[in-house]
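Q: Take a look at the following structure, please.
The values are calculated or read from the model by the stated rules, or taken from the named source; none is laboratory data. Everything quoted here is computed from the prediction, not taken from an experiment. Ideal geometry is used to build each Cβ from the backbone, glycine not excepted, and the neighbour counts take in all protein chains shown. Keep in mind that these areas ignore ligands, DNA and RNA; they rest on the heavy atoms of the full protein, side chains included. Shrake-Rupley method; radii C 1.70, N 1.55, O 1.52, S 1.80 Å.
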Amino acid sequence: RRENGQIVYERDSFLQANKNQILSLAGNSQKLKRLPTKTNPIGGAASAITVRLPKKQVRVTHVTIDDLDSFALVKKIAPSLDKLTGMTEKAFKEGVQRVIGEKGTFTDWGGEKNDLLSTRLIYKGKRRRVAFAFKGPGKGGTLVPGKMGKNGDQLQRLFDSVADFYIVQHWNRIAESVPQLMELIAVTTSFREDREVFYGIVDGTDSIRLVDAYPRQFTGTQPKRGKRVNKKKR
(Lines give C-alpha, C1' and ligand atoms only; values in the text may rest on other atoms or scores of the structure.)
Protein backbone atom coordinates (compact mmCIF):
# COMPACT_ATOMS: atom_id res chain seq x y z
CA ARG A 1 0.00 0.00 0.00
CA ARG A 2 1.05 3.65 -0.35
CA GLU A 3 1.67 5.87 2.61
CA ASN A 4 2.86 9.50 2.27
CA GLY A 5 3.64 8.85 -1.40
CA GLN A 6 5.78 5.83 -0.68
CA ILE A 7 5.14 2.10 -1.09
CA VAL A 8 4.93 0.42 2.30
CA TYR A 9 5.05 -3.34 2.78
CA GLU A 10 3.48 -5.16 5.72
CA ARG A 11 2.97 -8.76 6.78
CA ASP A 12 -0.17 -10.46 5.27
CA SER A 13 -2.02 -12.27 8.05
CA PHE A 14 -3.44 -14.98 5.74
CA LEU A 15 -0.09 -15.76 4.13
CA GLN A 16 1.61 -15.80 7.50
CA ALA A 17 -0.97 -18.20 8.96
CA ASN A 18 -0.69 -20.56 5.96
CA LYS A 19 3.01 -20.12 5.23
CA ASN A 20 4.02 -23.73 5.88
CA GLN A 21 1.22 -25.17 3.75
CA ILE A 22 1.94 -22.78 0.88
CA LEU A 23 5.63 -23.70 0.88
CA SER A 24 4.74 -27.39 1.04
CA LEU A 25 2.41 -27.14 -1.96
CA ALA A 26 4.86 -25.01 -3.90
CA GLY A 27 7.41 -27.80 -3.67
CA ASN A 28 5.03 -30.64 -4.60
CA SER A 29 3.20 -30.29 -7.94
CA GLN A 30 1.04 -33.40 -7.34
CA LYS A 31 -0.29 -32.08 -4.02
CA LEU A 32 -0.91 -28.71 -5.67
CA LYS A 33 -3.04 -30.33 -8.39
CA ARG A 34 -5.23 -31.99 -5.74
CA LEU A 35 -5.83 -28.73 -3.88
CA PRO A 36 -9.42 -27.44 -4.38
CA THR A 37 -9.43 -23.84 -5.64
CA LYS A 38 -11.91 -21.43 -7.20
CA THR A 39 -10.73 -22.33 -10.70
CA ASN A 40 -10.23 -26.01 -9.86
CA PRO A 41 -12.99 -26.82 -7.32
CA ILE A 42 -12.46 -30.59 -7.42
CA GLY A 43 -8.71 -30.40 -6.96
CA GLY A 44 -7.98 -32.73 -9.89
CA ALA A 45 -10.08 -35.55 -8.44
CA ALA A 46 -13.72 -36.30 -7.74
CA SER A 47 -15.02 -34.81 -4.51
CA ALA A 48 -17.67 -36.55 -2.44
CA ILE A 49 -20.58 -34.54 -1.10
CA THR A 50 -22.54 -36.03 1.77
CA VAL A 51 -26.12 -34.90 2.31
CA ARG A 52 -27.86 -36.08 5.47
CA LEU A 53 -31.65 -36.08 5.48
CA PRO A 54 -33.78 -36.09 8.63
CA LYS A 55 -34.72 -39.72 9.34
CA LYS A 56 -38.25 -38.76 10.34
CA GLN A 57 -38.82 -37.32 6.86
CA VAL A 58 -37.59 -40.43 5.01
CA ARG A 59 -39.83 -43.50 4.86
CA VAL A 60 -38.25 -46.20 2.70
CA THR A 61 -38.79 -49.96 2.92
CA HIS A 62 -37.00 -52.74 1.07
CA VAL A 63 -39.27 -55.68 0.18
CA THR A 64 -38.79 -59.12 -1.36
CA ILE A 65 -41.25 -61.15 -3.40
CA ASP A 66 -42.05 -63.13 -0.22
CA ASP A 67 -43.35 -59.96 1.46
CA LEU A 68 -46.07 -59.31 -1.12
CA ASP A 69 -49.53 -60.81 -0.55
CA SER A 70 -50.13 -60.99 -4.30
CA PHE A 71 -47.33 -63.58 -4.57
CA ALA A 72 -48.08 -65.45 -1.33
CA LEU A 73 -47.70 -68.93 -2.88
CA VAL A 74 -44.02 -68.21 -3.55
CA LYS A 75 -43.31 -68.94 0.11
CA LYS A 76 -44.00 -72.62 -0.58
CA ILE A 77 -41.26 -72.81 -3.22
CA ALA A 78 -37.65 -73.28 -2.13
CA PRO A 79 -34.80 -71.75 -4.19
CA SER A 80 -33.30 -73.94 -6.89
CA LEU A 81 -30.35 -73.81 -9.28
CA ASP A 82 -32.57 -73.62 -12.38
CA LYS A 83 -32.38 -70.73 -14.82
CA LEU A 84 -35.12 -69.27 -17.01
CA THR A 85 -33.91 -69.75 -20.57
CA GLY A 86 -37.02 -70.20 -22.71
CA MET A 87 -39.35 -67.35 -21.76
CA THR A 88 -39.57 -63.93 -23.34
CA GLU A 89 -39.83 -60.72 -21.34
CA LYS A 90 -43.34 -60.20 -22.76
CA ALA A 91 -44.47 -63.68 -21.68
CA PHE A 92 -43.16 -63.20 -18.16
CA LYS A 93 -44.83 -59.81 -17.87
CA GLU A 94 -48.16 -61.24 -19.01
CA GLY A 95 -47.81 -64.03 -16.45
CA VAL A 96 -47.27 -61.46 -13.68
CA GLN A 97 -50.31 -59.55 -14.92
CA ARG A 98 -52.45 -62.66 -14.56
CA VAL A 99 -51.12 -63.30 -11.06
CA ILE A 100 -52.04 -59.83 -9.80
CA GLY A 101 -55.22 -59.59 -11.89
CA GLU A 102 -54.14 -56.71 -14.13
CA LYS A 103 -55.87 -56.86 -17.54
CA GLY A 104 -54.44 -53.70 -19.05
CA THR A 105 -52.32 -53.68 -22.20
CA PHE A 106 -48.75 -52.44 -21.82
CA THR A 107 -46.74 -51.89 -25.00
CA ASP A 108 -42.98 -51.53 -24.75
CA TRP A 109 -41.34 -48.49 -26.29
CA GLY A 110 -37.99 -46.79 -25.89
CA GLY A 111 -38.96 -44.00 -23.52
CA GLU A 112 -41.37 -45.74 -21.16
CA LYS A 113 -41.04 -45.18 -17.43
CA ASN A 114 -41.97 -48.76 -16.62
CA ASP A 115 -42.92 -52.09 -18.22
CA LEU A 116 -45.99 -52.66 -16.08
CA LEU A 117 -47.96 -50.20 -13.93
CA SER A 118 -50.83 -51.45 -11.79
CA THR A 119 -52.97 -50.56 -8.78
CA ARG A 120 -53.73 -54.22 -8.05
CA LEU A 121 -50.73 -55.24 -5.97
CA ILE A 122 -51.78 -56.46 -2.52
CA TYR A 123 -49.51 -55.70 0.43
CA LYS A 124 -50.58 -56.38 4.02
CA GLY A 125 -54.15 -56.80 2.87
CA LYS A 126 -54.38 -53.49 0.99
CA ARG A 127 -54.19 -52.60 -2.71
CA ARG A 128 -51.14 -50.58 -3.63
CA ARG A 129 -49.69 -49.02 -6.76
CA VAL A 130 -46.70 -50.82 -8.31
CA ALA A 131 -44.30 -50.14 -11.18
CA PHE A 132 -42.28 -53.04 -12.63
CA ALA A 133 -39.16 -53.03 -14.80
CA PHE A 134 -38.63 -56.41 -16.51
CA LYS A 135 -35.24 -57.27 -17.99
CA GLY A 136 -35.57 -60.28 -20.28
CA PRO A 137 -33.12 -62.80 -21.77
CA GLY A 138 -31.71 -60.12 -24.07
CA LYS A 139 -29.77 -58.71 -21.12
CA GLY A 140 -27.54 -61.67 -20.43
CA GLY A 141 -25.30 -62.06 -17.42
CA THR A 142 -25.47 -60.01 -14.25
CA LEU A 143 -27.76 -57.00 -14.38
CA VAL A 144 -26.09 -53.67 -13.58
CA PRO A 145 -27.54 -50.13 -13.81
CA GLY A 146 -25.67 -49.52 -17.08
CA LYS A 147 -27.69 -52.28 -18.76
CA MET A 148 -30.96 -50.65 -17.82
CA GLY A 149 -32.08 -48.37 -20.63
CA LYS A 150 -30.22 -46.98 -23.62
CA ASN A 151 -28.61 -44.33 -21.43
CA GLY A 152 -28.50 -46.38 -18.24
CA ASP A 153 -31.25 -44.21 -16.75
CA GLN A 154 -34.12 -46.70 -16.52
CA LEU A 155 -34.07 -46.78 -12.72
CA GLN A 156 -34.47 -43.02 -12.52
CA ARG A 157 -37.35 -43.19 -15.00
CA LEU A 158 -38.93 -46.09 -13.09
CA PHE A 159 -39.19 -43.93 -9.96
CA ASP A 160 -40.88 -41.21 -12.01
CA SER A 161 -43.87 -43.58 -12.24
CA VAL A 162 -46.87 -42.79 -10.04
CA ALA A 163 -46.49 -45.77 -7.71
CA ASP A 164 -45.78 -46.87 -4.15
CA PHE A 165 -43.74 -49.99 -5.01
CA TYR A 166 -40.88 -50.13 -7.51
CA ILE A 167 -39.76 -53.63 -8.54
CA VAL A 168 -36.92 -54.70 -10.88
CA GLN A 169 -36.95 -58.27 -12.29
CA HIS A 170 -34.18 -60.08 -14.16
CA TRP A 171 -33.63 -63.66 -15.35
CA ASN A 172 -30.18 -63.86 -13.85
CA ARG A 173 -28.15 -62.37 -11.00
CA ILE A 174 -28.73 -58.72 -10.08
CA ALA A 175 -25.63 -56.80 -9.01
CA GLU A 176 -25.61 -55.10 -5.62
CA SER A 177 -25.29 -51.75 -7.38
CA VAL A 178 -28.90 -52.02 -8.62
CA PRO A 179 -30.65 -52.12 -5.20
CA GLN A 180 -28.10 -49.62 -3.88
CA LEU A 181 -29.09 -47.12 -6.55
CA MET A 182 -32.77 -47.96 -6.03
CA GLU A 183 -32.43 -47.21 -2.32
CA LEU A 184 -30.75 -43.88 -3.04
CA ILE A 185 -33.52 -42.84 -5.45
CA ALA A 186 -36.19 -44.13 -3.06
CA VAL A 187 -34.77 -42.01 -0.22
CA THR A 188 -34.72 -38.82 -2.30
CA THR A 189 -38.22 -39.57 -3.65
CA SER A 190 -39.59 -40.14 -0.15
CA PHE A 191 -38.04 -36.94 1.16
CA ARG A 192 -39.02 -34.81 -1.83
CA GLU A 193 -42.62 -36.05 -2.04
CA ASP A 194 -43.12 -36.69 1.69
CA ARG A 195 -44.45 -40.23 1.28
CA GLU A 196 -43.56 -43.86 1.95
CA VAL A 197 -41.64 -45.63 -0.82
CA PHE A 198 -41.09 -49.38 -1.26
CA TYR A 199 -38.50 -50.96 -3.55
CA GLY A 200 -37.21 -54.45 -4.31
CA ILE A 201 -35.67 -56.85 -6.82
CA VAL A 202 -36.71 -60.22 -8.25
CA ASP A 203 -33.62 -62.07 -9.47
CA GLY A 204 -33.43 -65.27 -11.51
CA THR A 205 -33.98 -67.52 -8.48
CA ASP A 206 -37.11 -65.67 -7.38
CA SER A 207 -38.33 -65.44 -10.97
CA ILE A 208 -38.44 -69.21 -11.33
CA ARG A 209 -40.01 -69.55 -7.88
CA LEU A 210 -42.78 -67.27 -9.10
CA VAL A 211 -43.32 -69.35 -12.25
CA ASP A 212 -43.43 -72.55 -10.22
CA ALA A 213 -45.81 -71.07 -7.64
CA TYR A 214 -48.35 -70.01 -10.28
CA PRO A 215 -48.17 -72.57 -13.13
CA ARG A 216 -51.68 -71.80 -14.41
CA GLN A 217 -50.99 -68.09 -14.76
CA PHE A 218 -47.84 -68.87 -16.71
CA THR A 219 -49.50 -71.60 -18.82
CA GLY A 220 -48.05 -71.66 -22.32
CA THR A 221 -45.00 -69.71 -21.21
CA GLN A 222 -43.20 -72.37 -19.20
CA PRO A 223 -39.43 -71.93 -19.51
CA LYS A 224 -36.82 -74.52 -20.30
CA ARG A 225 -34.86 -75.60 -17.28
CA GLY A 226 -32.01 -77.76 -16.12
CA LYS A 227 -31.79 -80.10 -13.16
CA ARG A 228 -33.75 -78.96 -10.13
CA VAL A 229 -32.41 -79.14 -6.61
CA ASN A 230 -33.86 -78.52 -3.15
CA LYS A 231 -37.45 -78.02 -4.28
CA LYS A 232 -40.29 -78.69 -1.84
CA LYS A 233 -43.21 -80.79 -2.90
CA ARG A 234 -46.61 -79.17 -3.09
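Q: Give the residues of segment 187-206 that are of a type in the set (A, V, I, L, M), over 17 Å from Ala91 (Cβ atoms) and either modelled with pLDDT of 95 or more or more than 16 Å from the chain's Cα centre (by Cα) (or both), sorted by residue number.
A: Of everything in segment 187-206, those that are of a type in the set (A, V, I, L, M), over 17 Å from Ala91 (Cβ atoms) and either modelled with pLDDT of 95 or more or more than 16 Å from the chain's Cα centre (by Cα) (or both) turn out to be Val197, Ile201.
Q: When segment 64-74 is examined, which residues are found to be more than 16 Å from Gly101 (Cα to Cα), open to solvent by 10 Å² or more (accessible area, probe 1.4 Å) and touching a residue at least 24 places away in the same chain (Cβ under 8 Å)?
A: Thr64, Asp67
Q: Quickly run through segment 168-189 and pick out the residues that are over 14 Å from Gly141 (Cα atoms), crowded, with 20+ Cβ neighbours inside 10 Å and in contact (Cβ under 8 Å) with a residue 60 or more places away in the chain.
A: Scanning segment 168-189 gives a single hit, Ala186.
Quick grid of which residues meet (1) closer than 26 Å to Lys76 by Cβ; (2) open to solvent by 30 Å² or more (accessible area, probe 1.4 Å):
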site: Lys126; (1), (2): yes, yes
site: Arg129; (1), (2): no, yes
site: Leu155; (1), (2): no, no
site: Asp194; (1), (2): no, yes
site: Val197; (1), (2): no, no
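Q: Taking Arg209 and the conditions (1) surrounded by fewer than 22 Cβ atoms within 10 Å (Cβ to Cβ); (2) more than 18 Å from the chain's Cα centre (by Cα); (3) modelled with pLDDT of 90 or more, which numbered condition does it fall short on, given that it satisfies the others?
A: Only one criterion in (1) surrounded by fewer than 22 Cβ atoms within 10 Å (Cβ to Cβ); (2) more than 18 Å from the chain's Cα centre (by Cα); (3) modelled with pLDDT of 90 or more is unmet by Arg209, namely (1).
Q: Can you tell me which residue is surrounded by the fewest Cβ atoms within 10 Å (Cβ to Cβ) among those in segment 75-96 that are in a loop (DSSP other than H, G, I, E, B) and of a type in the set (D, E, K, R)?
A: Ranking the candidates gives Lys83 first.
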